[in-house]
1. What distance in nm separates the two pseudo spin-label positions at A117 and M1, each 7 Å out from Cα along the beta-carbon direction?
2. Using amide H atoms built 1.01 Å from N in the peptide plane, name the residues 5+ places from M109, or on other chains, whose amide H lies under 5 Å from its own.
3. Given a cut-off of under 8 Å on Cα pairs at least six residues apart, what relative contact order in percent is computed for the range 2-127?
4. With angles folded into 0 to 90 degrees, how steeply does helix 2-11 sit against the dominant principal axis of the chain? Use alpha carbons for both and round to 10.
5. What's the ranking of 30-37, 93-100 by average number of surrounding C-beta atoms within 10 Å, highest first?
6. Starting from the alpha-carbon convex hull of the chain, give the projected area averaged over all orientations, in nm².
7. Rounded to the nearest 0.05, what FRET efficiency do R98 and S58 give with R0 = 35 Å and r taken as the Cβ-Cβ distance? Could you check?
8. Distance between Cα centroids, the range 30-45 to the range 61-99: provide it in whole Å.
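None of the figures in this text is laboratory data; all of them are computed from the coordinates on show. The structure presented is a predicted model; accordingly, all values stated were derived computationally and were not measured. Here Cβ is always computed from backbone atoms with ideal geometry, including for glycine, and neighbour counts include all displayed protein chains.
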Amino acid sequence: MLERLLEALNAHDLDAFVACFDDAYESEQPAHPARAFSGREQVRKNWGAMFEQIPDLSGDLLGSAVNGEAVWAEMRWTGTKADGAMLNERGVAILGIRDGRIAWGRLYMEEVEAAGAGIDETVNRMTGKAR
């Protein structure tokens, strides 16, 4: 399944990409609950925009594991956004596979933050410690 999905992504083959998903696909992003959606047509809308606005979009599978019907995949998505900025997303997607299609997904994909708070500042923020 992952090979078909990434092949379609890298070929920008929207029909083949969408065909990897069940009609009643359920998507959630636990770190961003407002991004949850249902249905394969929303997959088409989302990835159609990605393929159109990021002409050099590509994906890499960095690692994967299978646990029953769940596939865990560490991925990286890169490309050049419509505004010229670089897309560099990395994370994990946990995908539920039924009848050869993705029935549900929990995505933990985030834009890579090359600069920003170091570990000490991050721990202080997480713990509420005064700076």
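1. 3.5 nm
2. Here V92 satisfy the definition.
3. On the way: 210 pairs, mean separation 27.2, N = 126.
Once divided by the residue count of the range 2-127, the mean separation gives 22 percent.
4. Result, in degrees: 90.
5. Values: 30-37: 11.1, 93-100: 15.4.
Packing proxy ranking, top to bottom: 93-100, 30-37.
6. Numbers: hull surface 38.0 nm².
The directionally averaged projection comes out at 9.5 nm².
7. Numbers: r = 27 Å, r/R0 = 0.78.
The value I calculate is 0.80.
8. The range 30-45 and the range 61-99 have Cα centres spaced 15 Å from each other.
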